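Working notes, beginning with the structure itself.
The values are calculated or read from the model by the stated rules, or taken from the named source; none is laboratory data. Note that this is a predicted model, so its numbers are computed, not measured. FYI the Cβ positions are ideal-geometry reconstructions off the backbone, even for glycines, and counts take in every protein chain you see.
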Amino acid sequence: MIQIDRRHFIASLGGAAAVKLMSSEAKAEALEAYMMAQLNSATAGAGQAQPKKFPKAAEVEAQIETRHYRRGVGNLFLTTEPNGKVKKLQPMPARPAFLFFNLRMQQTSNHVLQSANRAMKTGMPEEIILACLLHDTVHALIKVDHGYWGAQLYGPYVPEKVAFAIRYHQALRFYEDKEAGYEYPDLYRNLFGEDYVPSPHIQADYKMLKSHKWYMEPRLVTVNDLYAFEPGVVVKIDPFVDIIGRHFKNPKEGLGNDGSPVAHMWRSMAIPDNPL
Ligand SMILES: [Fe+2]
Ligand SMILES: [Fe+2]
């Protein structure tokens, strides 16, 4: 049984203010990664100064049967807190517009707002800022292969480049591009295992992207993909409302009601308590 040093754990996440900004799901992931690292350093010999320790892919796989859920499931559909319960959701408006975001996508909102904020501060084009703002929001519905699901969810409503950036940021997260300012993240070493080899579809897409004229669109999403929470910084949606207005085509019937090929995906987030 691993003892958690609460203070050390909180400090490793950037302090109490940073922890406050994390969703309960992000906290659960962080705790798991922390415990895995502790376990590794305990086995490697306590008391010595250790270089960063990451699990092996096989250890990550061995964790599967310790959970009561699968990690690819959308975060609207469960709570990962031990003995936690899901909460009743706020009702949706009759014709939901993108600001749906506030009602069903809260779990990733801080992360994507911080990413969009960084893109805005570093002078990225509006399409990149919008892609950053949307890039992980589909986690509410589903997390596995989220770049592809996200691009599909937003495809009918955003410029093609934005959907492209959302789709392929997932693949490019696995590949370093130091020249563009992207290093392989420790978060992935913890989540997937340090010796993890990306799936064949990710490898194939990376190969395709390397010579694609839009390579930089998803690459810039990865560059701004912030998991380092800035303590005390809470970014609001307000600075992005004009960009959303210019580039996001809200259907007049409302998302989920427009009969588009993705309407059911929006409805699934609107009414996730329906048993069928
Ligand atoms: Fe992502
Ligand atoms: Fe992200």
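One line per residue, one yes/no per condition, for (1) in contact (Cβ under 8 Å) with a residue 12 or more places away in the chain; (2) part of a loop (DSSP other than H, G, I, E, B):
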site	(1), (2)
Phe174	yes, yes
Tyr184	no, yes
Tyr188	yes, no
Val197	yes, yes
Lys207	no, no
Arg219	yes, no
Asp242	no, no
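Exactly one residue out of Ile271, Ile243 is away from ligand 1 (no atom under 16 Å from the Cβ), among the β-branched types (Val, Ile, Thr) and under 17 Å from Val138 (Cα atoms), and it is Ile271. Per this entry, Glu81 is not counted among residues that are acidic (Asp, Glu), outside any loop (DSSP other than H, G, I, E, B) and farther than 21 Å from Trp266 by Cβ.
Scanning region 94-128 for residues that are within 18 Å of Ala140 (Cα to Cα) and in contact with a Gly (Cβ under 8 Å, 6 or more places away or on another chain) returns Pro96, Ala97. Every condition in (1) within 14 Å of ligand 1 (Cβ to nearest atom); (2) farther than 23 Å from Ala116 by Cβ; (3) not in a loop (DSSP other than H, G, I, E, B) holds for Arg167 except the one numbered (2).
Out of curiosity, is Gly147 in a helix (DSSP H, G or I) and touching a Lys or Arg at 6+ places or on another chain (Cβ under 8 Å)? Taking the combined requirement at face value, the residue satisfies it. Selection of first residues in region 249-276 that are at positive phi and modelled with pLDDT under 95 and of second residues that are basic (Lys, Arg) and surrounded by 16 or more Cβ atoms within 10 Å (Cβ to Cβ), restricted to Cβ pairs under 8 Å at least 6 apart or on distinct chains, gives an empty result. Among the numbered conditions (1) loosely packed, with under 15 Cβ neighbours inside 10 Å; (2) modelled with pLDDT of 95 or more; (3) farther than 23 Å from Gln170 by Cα, the only one that Lys236 does not meet is (2). For region 64-97, the set of residues classified as more than 18 Å from Asp145 (Cβ to Cβ) and touching a helix residue (DSSP H, G or I) at 6+ places or on another chain (Cβ under 6 Å) consists of Thr80, Glu81, Gln90, Met92, listed by residue number. Of everything in region 102-121 that is more than 16 Å from ligand 1 (Cβ to nearest atom) and more than 13 Å from Asp225 (Cα to Cα), the residue that is farthest from the chain's Cα centre (by Cα) is Lys121. Looking at region 204-221, can you tell me whether even one residue there is crowded, with 19+ Cβ neighbours inside 10 Å and over 26 Å from Ala57 (Cα atoms)? Among the residues of region 204-221, at least one is crowded, with 19+ Cβ neighbours inside 10 Å and over 26 Å from Ala57 (Cα atoms), which makes the answer yes.
If you filter region 124-144 down to residues that are more than 13 Å from ligand 2 (Cβ to nearest atom) and within 11 Å of the chain's Cα centre (by Cα), you find that the one that is farthest from Ala263 (Cα to Cα) is Val144. The set of residues in region 145-169 that are in contact with a Gly (Cβ under 7 Å, 6 or more places away or on another chain) and more than 15 Å from ligand 2 (Cβ to nearest atom) contains only Ala163. Pairs meeting the criteria (first residue in region 68-96 and free of Cβ contacts under 8 Å to residues at least 12 places away in the same chain and surrounded by 14 or more Cβ atoms within 10 Å (Cβ to Cβ), second residue of a type in the set (A, V, I, L, M, F, W, C) and assigned to a loop (DSSP other than H, G, I, E, B), beta carbons under 8 Å, at least 6 apart or on different chains) are Leu78/Val86. Counting just the residues of region 145-162 that are among the hydrophobic types (A, V, I, L, M, F, W, C) and within 18 Å of Arg104 (Cα to Cα), which one comes out farthest from ligand 1 (Cβ to nearest atom)? Among residues in region 145-162 that are among the hydrophobic types (A, V, I, L, M, F, W, C) and within 18 Å of Arg104 (Cα to Cα), the one farthest from ligand 1 (Cβ to nearest atom) is Leu153. Of the residues making up region 108-123, one or more are out of contact with any strand residue (DSSP E or B) (no Cβ under 9 Å at 6 or more places or on another chain), assigned to a loop (DSSP other than H, G, I, E, B), more than 27 Å from Gly259 (Cα to Cα) and free of Cβ contacts under 8 Å to residues at least 24 places away in the same chain.
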